């Protein structure tokens with residue numbers, strides 16, 4: 001089932017770039033309604049998300065940014081560990097679903113922004129951690145580079161980036177290790193490492209120098 005999940009991303013290789021944004025928004029507006037079913041069908045997806053948070057070593061003093069937060073796979077668990085989490089997503093329906101899912105006690109520690117990850121409306125050095133899950137799928141190569149540069153910009157020196165993605169051998173839409181290395185180093189990141197989970201998922205970790 002885990003391999004099926006990442007293979008379902010294969011059509012996304014044909015839906016990359018700015019011209020597809022309206023269609024991507026419509027798709028994820030519909031997907032927000034089926035979020036509980038996805039959790040039931042692919043429980044290891046959520047486990048892999050928890051593994052990413054562990055790898056990032058979130059701490060109570062951290063400010064965290066979740067790029068393409070969706071319905072909160074990473075956002076809400078991160079808010080249980082960190083000082084404050086900002087989730088940004090292109091689709092308002094996803095953000096609304098996240099709001100409804102959040103416990104009342106967590107909401108003061110979660111900020112939600114509808115926006116474009118290529119142009120973050122956030123000041124430099126705002127966060128100790130930046131994370132994302134599968135969001136880069138829908139960006140063309142230069143857009144991926146731009147989004148990662150923005151991620152580096154809003155991180156403090158020494159801050160860390162964590163990405164949850166799929167394995168290239170299961171679907172070509174997912175980046176190879178070499179491609180990740182190239183993109184991240186061009187964006188200014190160092191100490192790039194990789195971890196595989198549950199036969200389908202990859203954690204990509206990097207650090208901003210400083």
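The values are calculated or read from the model by the stated rules, or taken from the named source; none is laboratory data. What you are looking at is a predicted structure, and each value in this text was computed from that prediction instead of being measured. Virtual Cβ from ideal backbone geometry, glycine too; neighbours counted across all protein chains shown.
Would region 181-201 turn up any residue that is without any contact (Cβ under 8 Å) to a residue 40 or more places away in the chain, surrounded by 15 or more Cβ atoms within 10 Å (Cβ to Cβ) and under 14 Å from the mean Cα position of the chain (by Cα)?
No; the residues of region 181-201 include none that is without any contact (Cβ under 8 Å) to a residue 40 or more places away in the chain, surrounded by 15 or more Cβ atoms within 10 Å (Cβ to Cβ) and under 14 Å from the mean Cα position of the chain (by Cα).
Matching residues to (1) under 24 Å from residue 45 (Cα atoms); (2) surrounded by fewer than 17 Cβ atoms within 10 Å (Cβ to Cβ); (3) free of Cβ contacts under 8 Å to residues at least 60 places away in the same chain:
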| site | (1), (2), (3) |
| --- | --- |
| 91 | yes, no, no |
| 107 | yes, yes, yes |
| 124 | no, yes, yes |
| 130 | yes, no, no |
| 133 | yes, no, no |
| 139 | yes, no, no |
| 143 | no, no, no |
| 152 | no, no, yes |
| 156 | no, yes, yes |
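Can you pull out the residues in region 60-79 that are touching a residue at least 24 places away in the same chain (Cβ under 8 Å) and over 21 Å from residue 97 (Cβ atoms)?
Once the filter is applied, which keeps residues that are touching a residue at least 24 places away in the same chain (Cβ under 8 Å) and over 21 Å from residue 97 (Cβ atoms), region 60-79 yields 61, 62, 63.
Which of the numbered conditions does residue 191 fail, given that it passes all the others? Conditions: (1) at negative phi; (2) outside any helix (DSSP H, G or I); (3) at pLDDT 95 or above; (4) in contact with a strand residue (DSSP E or B) (Cβ under 8 Å, 6 or more places away or on another chain).
Among (1) at negative phi; (2) outside any helix (DSSP H, G or I); (3) at pLDDT 95 or above; (4) in contact with a strand residue (DSSP E or B) (Cβ under 8 Å, 6 or more places away or on another chain), residue 191 violates only (1).
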